1. Could you pull out the residue among Pro174, Pro149 that is surrounded by fewer than 18 Cβ atoms within 10 Å (Cβ to Cβ), within 30 Å of Asp130 (Cα to Cα) and not hydrophobic (A, V, I, L, M, F, W, C)?
2. Go through region 192-223 and count every residue that is under 18 Å from Arg252 (Cβ atoms) and either surrounded by fewer than 16 Cβ atoms within 10 Å (Cβ to Cβ) or in contact with a Ser or Thr (Cβ under 8 Å, 6 or more places away or on another chain) (or both).
3. Within 16 Å of Val286 (Cα to Cα) and of a type outside the set (A, V, I, L, M): is that true of Gly91 in this structure?
4. Which of (1) closer than 27 Å to Asp130 by Cα; (2) over 30 Å from the mean Cα position of the chain (by Cα); (3) surrounded by 15 or more Cβ atoms within 10 Å (Cβ to Cβ); (4) among the aliphatic types (A, V, I, L, M) is the odd one out, the single condition Val168 does not satisfy?
5. Of all residues in region 97-111, which are crowded, with 21+ Cβ neighbours inside 10 Å and not hydroxyl-bearing (Ser, Thr, Tyr)?
6. Pick out, from region 149-266, the helices (runs of 4 or more DSSP H) lying fully within it that include 1 or more residues that are touching a Pro at 6+ places or on another chain (Cβ under 6 Å).
7. Report yes if some residue within region 268-279 is under 20 Å from Leu290 (Cα atoms), small (Gly, Ala, Ser) and modelled with pLDDT of 95 or more; otherwise report no.
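The values are calculated or read from the model by the stated rules, or taken from the named source; none is laboratory data. Here the structure is a predicted model, which means the values were calculated and not measured. Cβ coordinates were reconstructed from backbone atoms using ideal geometry, including for glycine residues, and neighbour counts include every protein chain displayed.
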Amino acid sequence: MELHQLRYFVAVAEAGSISRAAERCQVAQPSLSQQIKRLEENLGHQLFDRTARGTSLTEAGRVLLPRARRILSEVRATQESLDHDIAAGKGHLSVGAISTMAPYLLPPVLSRFVGEFPECELTLYDDLTDHLVEALIDAEIDCAIVSTPVFSDLVEIEVVGSERLLMVCADDDPFRESPRLEDLEDRPAVVLHEMHCLGEQIQGFCSAHRVHPRHVCRSTQLTTVQHLVALGLGVSIVPEMTARADAAQSRRYLPIRGKGPRREIAVAWRRGRTRSYLAQQFIAMVREDLEGGMHRYEG
């Protein structure tokens, strides 16, 4: 017994004619007749008496009709309830973000997301790229905000934005305008540890341009880097979103002249997994926040 067979059965019962039921259901009359015949064969009962004037229900048909209507009504209610719950954001969403983005990118997005989908059960993971990729592959999280590149054939990447990397220095540092990358040669520098992909990217960018700042401290936290820079221990290179979130007066952020360093911001998915409505909405908000908030520091 199939749902479309029950729909055709109810239509014939209400229309009193196979031809009128076929017209109502927008299906060819032979096809509808065949489905009614299959339903009768499956049930082991004839449901209609067929005459020249149309069709009339048999005893079995009269017994089946209220049950068929109830089944179809419950199916419709289930579909409506499912559509409503999805649109309302009921369900669970697990999101990961690398540690050099999570504190800056997530709070404004989360504030909006939770406001629009208060019934969503949200779980957040702040971790390193490699750990987030493993969690995606193991289906422990639905999506992750990362920086390219990501090296895994099991993960799909969608770039949603990019940002510049800026030089940060103490407020009393001699730099008063946008520096060239070469100006950082042999300068005391506070650097982010290479355990972070950002630290690796910055180190690679400087090496590619044969610029070698003098490392006086290596930290695993961007906030520590900022504090040490404010103390005058050295300059550093940090993401623009870090600068955007910094309300302190003890540091200045300067764009690097020329083709300065950038990083791409991407969403990572487990290849082959369905992207849920909640995940799609979350990522759309991330994209909008990136488009609206970057490039505050114009050098």
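1. Working: Pro174 fails: within 30 Å of Asp130 (Cα to Cα).
Pro149 is the lone residue from the list that is surrounded by fewer than 18 Cβ atoms within 10 Å (Cβ to Cβ), within 30 Å of Asp130 (Cα to Cα) and not hydrophobic (A, V, I, L, M, F, W, C).
2. Here the count works out to 2.
3. Taking the combined requirement at face value, the residue does not satisfy it.
4. (1)
5. Ala97, Ile98, Met101, Leu105, Val109
6. Result: 197-208.
7. Yes, some residue in region 268-279 is under 20 Å from Leu290 (Cα atoms), small (Gly, Ala, Ser) and modelled with pLDDT of 95 or more.
Residue-wise test of (1) loosely packed, with under 13 Cβ neighbours inside 10 Å; (2) among the aliphatic types (A, V, I, L, M).
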| residue | (1), (2) |
| --- | --- |
| Val12 | no, yes |
| Ser19 | no, no |
| Arg53 | yes, no |
| Thr78 | yes, no |
